[in-house]
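> My questions all concern the structure below.
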Amino acid sequence: MSLVPRFFGRRSNVFEPFSLDLWDPFEGGASPFFSDIGHPARDDAAAIANTQIDWKETSDAHIFEADLPGLKKEEVKIEVEDGRVLHISGERKREEEEKNDKWHRIERSHGKFLRHFRLPENAKADEVKATIENGVLTVTVPKQAQPKPEVRAIEISG
């Protein structure tokens, strides 16, 4: 028996040659120092940390995009605080367990998430719009038009 599969993974399905579950040294409470691993509070913290949001700036707006599969618009909250801080939050609830159900694997994250973004000076915080389509949240914050510098010709005397 080799130690290589034990440290580097094992096949979850013998019929799929490329399916390999990587070994996680912290999974299953292998150490007494990490006894809270697999604990629901840690899983909730992971859900918060794993909510990834892209922010891009175009010529006329700041656009924030987040993948939130399975969430409805009622489960997501978007706020602007003091006209400068954008808050995006929500919660993915855990699926209710039936007594007759037997779970083999739970990999989808659940719990609350909250992200804050300080908006730049040129953001129109009172005109924020948001849509959620196919599990992708898009928040659009329009930009104020940059004032064009006033150029004034100076007459040379003499």
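> Which of the following residues is open to solvent by less than 80 Å² (accessible area, probe 1.4 Å), in a loop (DSSP other than H, G, I, E, B) and over 17 Å from K77 (Cβ atoms): P120, P147, P142?
Being open to solvent by less than 80 Å² (accessible area, probe 1.4 Å), in a loop (DSSP other than H, G, I, E, B) and over 17 Å from K77 (Cβ atoms) holds for just one of P120, P147, P142, which is P120.
> Taking the range 128-139, which residues are assigned to a loop (DSSP other than H, G, I, E, B) and surrounded by fewer than 14 Cβ atoms within 10 Å (Cβ to Cβ)?
Scanning the range 128-139 gives N134, G135.
> Do we find a residue being within 15 Å of V139 (Cα to Cα), at pLDDT 65 or above, of a type in the set (D, E, K, R) and not in a loop (DSSP other than H, G, I, E, B) anywhere in the range 36-55?
Yes, the range 36-55 contains at least one residue that is within 15 Å of V139 (Cα to Cα), at pLDDT 65 or above, of a type in the set (D, E, K, R) and not in a loop (DSSP other than H, G, I, E, B).
> Taking the range 56-107 as the region of interest, how many residues are surrounded by 10 or more Cβ atoms within 10 Å (Cβ to Cβ) and outside any loop (DSSP other than H, G, I, E, B)?
Final tally of qualifying residues: 24.
The values are calculated or read from the model by the stated rules, or taken from the named source; none is laboratory data. Computed from a predicted model, the values in this text were never measured in an experiment. Reconstructed Cβ throughout: ideal geometry from the backbone, glycine too, with neighbour counts over all protein chains shown. Just so you know, the surface numbers come from the protein's heavy atoms only, side chains and all, with ligands and any DNA or RNA stripped out. Shrake-Rupley method; radii C 1.70, N 1.55, O 1.52, S 1.80 Å.
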